[in-house]
1. For H99, H146, which order do you get if you count the other beta carbons within 10 Å of each Cβ and list the fewest first?
2. Taking the Cβ-Cβ separation of A604 and I580 as r and a Förster radius of 35 Å, what is the calculated FRET efficiency to the nearest 0.05?
3. Using a Cα-Cα cut-off of under 29 Å, which lysines could be cross-linked to K607, ignoring same-chain neighbours fewer than 8 residues away?
4. With each label point set 7 Å from Cα along the Cα-Cβ vector, what nm distance links R64 and D258?
5. If I take every Cα pair under 8 Å that is 6 or more residues apart in the chain, average their sequence separation and divide by the length, what percent do I get for the relative contact order?
6. Return an integer: the convex hull volume of the alpha-carbon atoms of the range 333-432, in Å³ per residue.
7. Using only the Cα atoms of the range 85-143, each taken as one equal point scatterer with no solvent, compute I(q) by the Debye sum, divide by I(0), and report log10 of the ratio at q = 0.25 Å⁻¹.
8. Between T40 and D494, what is the FRET efficiency for a Förster distance of 25 Å, r being their Cβ-Cβ separation, to the nearest 0.05?
Amino acid sequence: MTEDVFKPGETADPAATPRASRRPASLVHGTAVIAAAVKTLPGSPGVYRMLSTGGDVLYVGKARNLKKRVASYAHPAKLSIRIKRMVAETASLEVVTTHTEVEALLLEGNLIKRLMPRYNVLLRDDKSFPYILIAADHDFPRIAKHRGARNRRGDYFGPFASAGAVNQTINALQRAFLLRPCADTVFAQRTRPCLQYQIKRCTAPCVGRVEPDAYAAQVRQARDFLTGRSREVQQEFADAMERASAGLDFETAARYRDRLRALAHTQSHQDINVEGLADADVIALAQEAGQSCVQVFFFRSGHNYGNRAYFPSHERGLAAADVLASFLGQFYDNKPPPPLVLVSHDPTEKGLLAEALAVRAGHAVELLRPQRGARRKPVALALANAKLALGRRLAESASQRRLLDGVTVAFGLEGPPARIEIYDNSHVSGTNAVGAMVVAGAEGWMKSAYRKFNIKFGSADAQETTEAAIVPGDDYAMMRQVLTRRFERALKEDPDRAREMWPDLVLIDGGQGQLNVALEVMTELGIEDVAIVSIAKGPDRNAGRERFFMAGREPFSLEPNDSVLFYLQRLRDEAHRFAIETHRARRTKAMARSALDEVAGIGAARKKALLLHFGTARAVGQAGLADLERVPGINRAVAKKVYDHFHDGG
């Protein structure tokens, strides 16, 4: 891929255009921008980006021939309604040339995931998948769940569809292979076996209850099982059980019997078993009512590692082949594909996509739509799961739309709110105070949009900003700070409200006082078109008798059995839950601070060295000067500083 970047269509540059004419007025304008850009484009492979007047990326596409591909947008009669809208919003265009079309396809998937263009198929909920790690940088390797970069030396097994699938597998492997799950720091400090040893899930290498060679055999057996050699491992356990039984060592025989049962239990929980399906992903797509669901099943070393449903965002009417092709490009952008990917539909440009996946994986990748035989079974099951998941989502969406219509009527809104933000604060006597914002919309909770605010305190007479001039325990001032920070940022980052980060409705947990604070903040910021409602519990904080407060309207309640009331209660309770969890996490972190944190000149490395040597901060405080000097990395001057802190008050 070359570094040449072309920015054609200079006449459409917002900086060179009068302010009044910066927004594309029509399809004619957008077509003219593209036609002008085509004149400077090369006929080589590459990726193009269509930009709006505000610089937002509208669409990312790849092309074998950039000039021909982009030129097709200059003929509106041949375009779909969706593409016409995109062209009408286009103010400029950028391209990056690549050496091959495969490189262009890989770059396209990366840019779509990073830029989230409005007119592309978007995979919004693609999180990193968990793996099982058996580390190789320790004499007694642990078995653990792992996410993120694979920087640690060892064997990684996965991906698994969820953390639950990993935890279930690790639990079974502990029963079968007795590998330690504890962190290396815990391992180094143990003086006696822990509970895992007592319940026969670890051989306690931390205190020498197992020889290094015997533990290495346990690790080898676990690796063999995870790489598909389960029959050999089972036979090895069976032979050991027979030998122990023949030697009248019935206790050892019983242990091997229990380990065999654990292996059998793991294998019996495999939902699908297909002969010859070793490393593969099964991907099926279902469509209904303009929406899509993609179900992915993971198979590694013949084991089913679980499944996950995705709901990519796209325009209605987009063909299944196009949705699946875009999904595959984004799904494998940050993870290596297996040698075999079974699909329910042939994706667009299947051969090119397989070649691109092979480049990313470093080995051949086959994209196969099985028509008959054993491999049709997992695809059919994945497709059935996709249809069920999509049906549930559509039913939930219909119910959600009815609730939003009810909210519209209850609060007299102009239309159903697309985004509702709910706010709450949490603290204990003003300490560790946090503000919380949760978000809901037409498709339910929008958890990626949740935000937490650490409250900033200061003296009441401080000559500083409103943020700092509050004192602990002032709930009104806390709410003022949270709302001010939230909407000042919105005004700064999205003044034109083009990024869908502005709410249609703000719900505040509280009464008339909280409502007044929210209205004052909005007035100070010049925001007049966001509906604000505060929701307070009834007498004796009785749920079901909530009262609602709005500007220019008397407080009112809804019928106790009204489904809209139940929905608003759920919104309020979710904000309360999120605020409390955030507060607890902050309080726990504060409580975890050690007395060593108060010693000047003691950084993280020295603190760790002291704790590893003495075990606790209390033991450090009771240590003598000579004992402190024996700690690696602690010289006489530092030891004297630590000793004086605990014995002379610092």
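1. With the fewest neighbours first, H99, H146 line up as H99, H146.
2. About 0.75, to the nearest 0.05.
3. Partners found: K145, K456, K589, K640, K641.
4. 6.3 nm
5. Numbers: 1081 pairs, mean separation 49.1, N = 650.
Value for the chain: 8 percent.
6. Details: hull volume 23.8 nm³, N = 100.
Looking at the range 333-432, the number lands at 238 Å³ per residue.
7. So the normalised log intensities work out to -1.13.
8. 0.20
Read the figures in this text as sums done on the coordinates, not as results from a lab. None of the values given here were measured: they were computed from a predicted structure. Ideal geometry is used to build each Cβ from the backbone, glycine not excepted, and the neighbour counts take in all protein chains shown.
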